[in-house]
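J.: This structure is in C-alpha cells; I'll ask about it shortly.
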C-alpha cells in the first residue's frame, strides 16, 4: 500500500481552538465523543430536512480575539486515508454462508490486486440485477472488508441467502484505504507585543509561535514538526474595521513566507445558523521579499445547521499552487455542547488532497 506524507501546511488551524483536550486514544480528544456524534448527525443527508432552525448566535470576533490573546494547546488523533475507484467491473463472487444471527450473508469477492486490508471499506454502486436469490438493492452500499489475500476479500450483505454458489457481480467499486494513524499536537502561544517593536508589512504586530508535532504509523515520515511565527495587527489596517488583532501573515522556520492579500476579515456582529462569508486570501512566497509566489490559500466560514446540543462553525481553506491549481481543501469544525462546554472548541479537522489517490487526513 502506498504511503504519503502527512503535512498540515503553515496556514492550517487558523482559528485553532478555545479549549479542546488531550487525545484519549484512537477515537477523539477527551470529551469530544458526544459533540462529534452530534456533528455527524447534523451533516448527514437524512438529517438535513429534520433538524430545527437554530436560535444560537455566535460572535466570531470574540472567538478570534480569545485565541489570539490566550493561545491554546490541542492534541488530536490522526487518521490518513486514500481512495480508489473502479468502474463497471465484473467480479466473481461466492456466497459462503450466513452470519451468526442469520440475518446477513457472507460473500467472497474476487478482485485481483484490490490493495485493501481488513478494516478498510468498499462502496458498491450501479448494481442493477439480482445476485442469485439476493435482491440487487442490498448491494448498493458501503461494506466493511475482511481480508483474505491480495486478490480477494469478504464482505457481509444484509440479506440472508439460501444459496451457496458463485456468480458474476457487476458493480462500480470505491475503496477507502486506511493508510496511517497517529497523534498530532498543535500549540499556539499567546500573541504578544515585542521589544523592540515588530513590524509586518509596515504595521505594528503582536507575534505568536505556532508549532505542530505529528507522530504516525504507516505514513512517511513517521514523525514531523514545523514552527510558524504568526503576526497579528495591533491596530486593524482596514479603515473603519472593528475586528481586533486581524492576522497579517506568517513565516515558517526554514520555509515559506505568507501575507494577507488585502484584509483578513471576520464579522464583528453575531452570526447565526446558515450564514457564510469570506475571511481572506493568504499568498505564499519563498522569501519575505515576495519575489516568488509559491501558492495561495482562500479562507471562508460557514455556520452549520443547529442541533439540540451543538452549534458548529466550519472554517474552510482552499489551497492552490503557483499555477492556481487546487491542491487541497481543509475544513476545521468547531463545536460546543451547551451541557459541557463554556466555549467553542476545535473538534475535527479534515484535509482532502487533490491528488490521484485523493488522500485524506482527519484529526479529531
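J.: As a footprinting exposure proxy, order 333, 207, 157 by other Cβ within 10 Å, with the fewest listed first.
T.: Taking fewest neighbouring Cβ atoms as first place, the list is 207, 157, 333.
J.: By counting other Cβ atoms within 10 Å of each Cβ, how are 144, 36, 299, 247 ranked from fewest to most? Write out the running numbers ahead of the final one.
T.: Details: 144 13, 36 18, 299 23, 247 29.
Result, fewest neighbours first: 144, 36, 299, 247.
J.: Given the alpha-carbon gyration tensor of segment 135-184, what are the semi-axes of its equivalent ellipsoid in whole angstrom, ordered largest first, with each equal to the square root of 5 times an eigenvalue?
T.: The equivalent ellipsoid of segment 135-184 has semi-axes of 27, 13, 11 Å.
J.: Pull out a ≥ b ≥ c, the square roots of the eigenvalues of the alpha-carbon gyration tensor of segment 82-178, then state rounded if a/c is under 1.5, prolate if not and a/b is larger than b/c, and oblate in the remaining case.
T.: Values: a/c = 1.63, a/b = 1.33, b/c = 1.23.
Because a/c hits 1.5 or more and a/b exceeds b/c, segment 82-178 counts as prolate.
J.: Between residue 291 and residue 125, with labels modelled 7 Å along Cα→Cβ, what's the label distance in nm to one decimal, could you check?
T.: That separation, rounded to one decimal, is 4.8 nm.
J.: Rounded to the nearest 500, what is the chain's calculated 222 nm mean residue ellipticity when only DSSP H runs of at least 4 contribute -39500 (n - 2.57) each, over all residues?
T.: When only DSSP H runs of four or more count, the value is -2000 deg cm²/dmol.
J.: Moving to a separate point now. May I ask you to derive the FRET efficiency for residue 84 and residue 198 from their Cβ-Cβ distance with R0 = 45 Å, giving the value to the nearest 0.05?
T.: 0.40
J.: If each residue of separation counts as 0.36 nm, what is the full-extension length gain between residue 270 and residue 326 once their alpha-carbon separation is subtracted?
T.: Fully extending the segment from residue 270 to residue 326 adds 17.0 nm.
J.: I need 136, 292, 312 ordered by Cβ neighbour count within 10 Å, fewest first.
T.: Working: 136 15, 292 11, 312 25.
Starting with the residue having the fewest Cβ neighbours, the order is 292, 136, 312.
J.: Turning to a different aspect of this structure: Sort largest first and round to whole Å: the equivalent ellipsoid semi-axes of the chain, each the square root of five times a Cα gyration tensor eigenvalue.
T.: Square roots of five times the eigenvalues give 44, 23, 18 Å.
J.: Any idea how far apart residue 298 and residue 151 come out in nm if each label point goes 7 Å out from Cα toward Cβ?
T.: Going by the 7 Å Cα→Cβ label model, 4.8 nm.
J.: Residue separation times 0.36 nm, minus the C-alpha to C-alpha distance between residue 99 and residue 166: what's the value?
T.: This chain segment gains 22.4 nm when fully extended.
J.: Can you give the FRET efficiency for residue 185 and residue 142, using 1/(1 + (r/R0)^6), R0 = 35 Å, r = Cβ-Cβ distance, to the nearest 0.05?
T.: Details: r = 32 Å, r/R0 = 0.90.
With a Förster radius of 35 Å, E is 0.65.
J.: Once the Cβ-Cβ distance between residue 242 and residue 358 is put in as r, and R0 is 30 Å, what FRET efficiency do you end up with, to the nearest 0.05?
T.: 0.15
Rule-based calculations on the coordinates, nothing more; no lab input. Since the model is a prediction, treat every value here as computed from it, not as a measurement. Cβ: placed from backbone, ideal geometry, glycine included. Neighbour counts: every protein chain shown.
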